[in-house]
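Each remark here refers to the structure printed beneath this line.
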Amino acid sequence: MKRLSKILFLILSVLLLTHRTAVYAQSVVSAPDAYELSNPSGIDHVFIFKDFTDALIRTQAAIDKLYRMNGADSVLLADSGMDEWMNMDDNTGYILYAGGVRTTFWVIDYSKYKPQLFFLNADDDNPNRCRDTRLTLAADMPEMSYRTQYGSKHVIDRECDISYTTLAWNGEAWEDSLVQETHRLQENIVVGAPLCDTEFVIRVDNISKALGLEQDSLSSGIYTAWAVAAHPTTVTTVRGTEAENMRTNEVERPVEDTQLKGSAPLDILFKANATPTAKYYRWQMYIGNDMFAQRSDESHRYVFDDFGEFRVLLWVSNDECQTDSMEITVSVSTSQLLVPNVFTPNGDGRNDEFRVMYRSIIEFDCWVYNRWGKLVYHWSDPAKGWDGTVNGRPAAEGAYYYVIRAKGADAEPDGTYHKVTKKRPAAVGVYQLSGDINLIRGDKK
């Protein structure tokens with residue numbers, strides 16, 4: 001057990017020393033004016049200079065020995081004790097010993113590998129043009145690579161910047177939006193399909209940019225957009241004025257034009273808000289898996305006066321492309337009807353009218369009779385009520401008799417008013433109510 005502990009301790013010590021040496025090795029050699037490749041494989045550093053005119057390698061400790069990489073037969077170049085090195089060859093690797101640390105690095109003269117651009121084409125025949133755009137770059141792109149000490153080759157990927165204009169939804173409308181993407185520099189480059197006519201511009205490359213050199217660029221010319229998009233929105237009809245909505249007797253009444261849930265009827269305007277490439281619109285409305293309506297206009301209005309949760313789906317297309325389905329959910333509440341037994345029309349702003357409290361009532365009638373059975377008031381809008389007057393004059397205090405017939409959004413289509421018995425109860429969503437309502441004026445406070 002003690003022997004095993006000593007072995008583990010030695011292994012950890014070696015690993016720690018190796019880690020410290022590796023960290024130190026990364027900082028022994030630097031190239032102030034070069035672009036350094038991040039995380040090269042099998043070598044400590046890859047330095048890319050814009051040219052070798054003033055290319056300089058600097059060390060933190062005096063150079064003990066410097067070799068040119070050549071596998072097992074690396075060539076000794078210097079053992080002078082200097083801390084700078086300038087006499088480098090392009091596309092060459094070196095092994096340096098300084099301060100007791102071994103460092104490997106590769107150097108490249110970028111001026112010999114800078115791409116030359118000829119033309120950029122946006123492929124109009126791309127079979128996937130509804131989703132993306134295929135760019136073809138004609139250019140002379142000399143390969144850049146480095147090798148490890150024993151000859152393992154690694155090609156250096158270069159990147160380019162692609163920019164073009166598309167459309168973005170700003171919350172109210174589509175507006176121009178500049179897209180800037182970075183891609184691997186190669187002959188074929190795939191970018192997202194634009195939503196408007198645009199030109200694609202390519203700028204090369206990331207190393208040129210990092211070295212502070214001017215990036216060469218090419219334009220594709222104007223490309224005709226095929227892709228289509230939409231951003232459906234809704235406008236719900238608000239019932240009543242702001243003042244009325246503050247004292248409404250309707251539960252879950254639509255009081256905001258963004259409301260998609262609440263008391264029926266919900267009168268909603270649907271807008272596709274499609275991009276200019278759109279030509280055709282398909283709206284489908286479902287309850288569960290059953291479609292009950294379909295529309296083909298860019299915008300359309302529908303009144304939801306049935307109870308339930310509804311799905312409204314939209315597809316937008318042109319002769320080539322179609323969007324994925326976009327879904328809006330509308331929820332209509334179950335019905336409810338509650339009747340008070342007293343009201344106080346004394347002008348104090350509280351309970352001044354005989355009104356029902358309701359939700360999702362789509363058919364309504366209420367009749368009020370005096371003690372002799374004479375009709376004194378009738379109304380058919382559940383949002384309204386009786387103010388306690390007859391022919392414009394205050395009605396006498398006392399008990400009155402009301403009869404209400406109403407249907408809710410959750411009533412069956414064949415639901416009828418009938419005499420309610422144990423054998424024939426009232427249908428769901430069908431209200432047949434009657435009773436006394438007491439008119440008490442009292443004093444206004």
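Some observations on this one:
Each row is one residue, and each column tells you yes or no for (1) surrounded by fewer than 16 Cβ atoms within 10 Å (Cβ to Cβ); (2) at pLDDT below 95.
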| residue | (1), (2) |
| --- | --- |
| 279 | yes, no |
| 313 | no, no |
| 351 | yes, yes |
| 358 | no, no |
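- Within region 357-385, the only residue that satisfies the criterion of being free of Cβ contacts under 8 Å to residues at least 12 places away in the same chain and either assigned by TED's automatic domain parsing to the domain that holds residue 267 or not in a loop (DSSP other than H, G, I, E, B) (or both) is 375.
- Given (1) of a type in the set (A, V, I, L, M); (2) loosely packed, with under 12 Cβ neighbours inside 10 Å; (3) farther than 30 Å from residue 50 by Cα, number of the condition residue 167 does not satisfy: (2)
- The set of residues in region 281-298 that are surrounded by 15 or more Cβ atoms within 10 Å (Cβ to Cβ) and under 20 Å from residue 261 (Cα atoms) comprises 283, 284, 285, 286, 287.
- Qualifying residues in region 386-417 (those that are touching a residue at least 40 places away in the same chain (Cβ under 8 Å) and at positive phi) - the one farthest from the chain's Cα centre (by Cα): 398
- Flag for residue 55 being in contact with a helix residue (DSSP H, G or I) (Cβ under 7 Å, 6 or more places away or on another chain), over 30 Å from residue 192 (Cβ atoms), outside any strand (DSSP E or B) and outside the structural domain of residue 188 (by TED's automatic domain parsing): no
- Every residue from region 315-336 that is in a strand (DSSP E or B), buried (at least 17 other Cβ atoms within 10 Å of the Cβ) and among the small types (Gly, Ala, Ser): 317
- Condition met for residue 334 (at pLDDT 95 or above and either in contact with a Gly (Cβ under 9 Å, 6 or more places away or on another chain) or within 22 Å of residue 435 (Cα to Cα) (or both)): yes
- Residues of region 156-172 that are in contact with a strand residue (DSSP E or B) (Cβ under 7 Å, 6 or more places away or on another chain) and either without any contact (Cβ under 8 Å) to a residue 12 or more places away in the chain or not polar (S, T, N, Q) (or both): 156, 157, 159, 160, 161, 162, 164, 167, 168.
- Just one of the listed residues (383, 406) is at pLDDT below 95 and aliphatic (A, V, I, L, M), namely 383.
The values are calculated or read from the model by the stated rules, or taken from the named source; none is laboratory data. Just so we're clear, the structure is a prediction, and the values are computed from it rather than from any experiment. A quick note on method: Cβ atoms are made from the backbone with ideal geometry, for glycine too, and the neighbour counts reach across all protein chains shown.
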